[in-house]
Amino acid sequence: MDRISIVQTMKDQGMVPLFFHSDIEVCKKVVKACYDGGSRLLEFTNRGVFAHTIFAELSAYCRAELPGMLLGVGSITDAAAASLYMMNGASFVVTPAFREDIARVCNRRKVAWMPGCGSLTEICQAEELGCEVVKLFPGSVYGPNFIKSVRGPQPWTEIMPTGGVSPDEDNLKSWFDAGVICVGMGSKLLSKTLIAEEKYSEITTLVAQTLDLIQKIKKQ
């Protein structure tokens with residue numbers, strides 16, 4: 001899928017689940033649970049020396065078993081890692097900081113990239129390099145008011161906060177009322193407890209409920 005279509009999917013869905021586990025079978029079950037709940041996006045967090053091997057197998061699984069599932073990678077901090085994950089099928093690349101070297105390798109392959117930015121200057125620099133969606137990280141530090149302030153002079157800027165986002169209505173409403181395109185959600189959505197207890201059906205239910213809630217908020 002081309003990068004503009006991926007951005008549109010982010011906007012339509014309104015949420016990107018974030019997840020990592022060192023056991024490939026657990027990864028498959030979690031991604032399947034998200035898929036069954038209606039999610040067509042998931043960001044696999046790059047953690048650990050051999051995380052790319054888990055991702056490669058998970059990417060192949062998604063292509064074979066979960067049609068339409070877009071698997072991206074997060075916590076990428078250099079161009080070499082971005083290239084490695086793209087070769088293993090990453091549909092999009094998310095970074096914790098703004099890195100021009102990552103922008104260039106992703107643009108070369110026309111892969112969507114979402115840099116972590118913490119100032120209007122960084123946001124502008126990212127957009128000048130072709131960024132469609134900016135990741136606000138950590139979202140808990142900046143909050144919805146920061147987004148409102150940015151979108152005042154720059155209503156075209158598309159922002160995805162990560163960190164400080166939870167699936168409850170008040171929290172989600174505060175972000176979407178501020179003008180976010182979507183939110184990134186990790187442990188508050190895919191809790192370690194549910195995963196450890198193998199309660200994948202509960203993950204599916206929570207993902208479905210959260211996606212429905214986001215659509216309700218967006219229509220208000």
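Of the residues making up segment 177-210, just one is farther than 15 Å from VAL31 by Cα, part of a helix (DSSP H, G or I) and either in contact with a strand residue (DSSP E or B) (Cβ under 7 Å, 6 or more places away or on another chain) or basic (Lys, Arg) (or both), namely THR210. Residues of segment 120-170 that are touching a Gly at 6+ places or on another chain (Cβ under 7 Å), surrounded by 15 or more Cβ atoms within 10 Å (Cβ to Cβ) and either more than 27 Å from GLN209 (Cα to Cα) or among the small types (Gly, Ala, Ser) (or both): GLY139, ARG151, GLY163, GLY164.
Taking segment 138-176 as the range and being closer than 16 Å to GLU122 by Cα and either touching a residue at least 40 places away in the same chain (Cβ under 8 Å) or in a helix (DSSP H, G or I) (or both) as the test, the residues that pass are GLY139, TYR142, PHE146, ILE147, SER149, VAL150, ARG151, GLU158, MET160. Residues in segment 71-83 that are of a type in the set (Val, Ile, Thr) and assigned to a loop (DSSP other than H, G, I, E, B) were compared, and the one that is nearest to the chain's Cα centre (by Cα) is ILE76. Of the residues making up segment 128-137, those that are in contact with a strand residue (DSSP E or B) (Cβ under 8 Å, 6 or more places away or on another chain) and either of a type in the set (A, V, I, L, M, F, W, C) or in a helix (DSSP H, G or I) (or both) are CYS131, VAL133, VAL134, LEU136, PHE137. In segment 84-105, the qualifying residues are those that are assigned to a helix (DSSP H, G or I) and within 16 Å of the chain's Cα centre (by Cα), and the one that is surrounded by the most Cβ atoms within 10 Å (Cβ to Cβ) is TYR85.
Any read-out appearing in this document is the output of simple, stated calculations on the displayed coordinates, not a laboratory observation. These numbers were taken from a predicted model, which means no experiment stands behind them. Methodologically, a virtual Cβ is constructed for each residue, glycine included, from the backbone with ideal geometry; neighbour enumeration extends over all protein chains shown.
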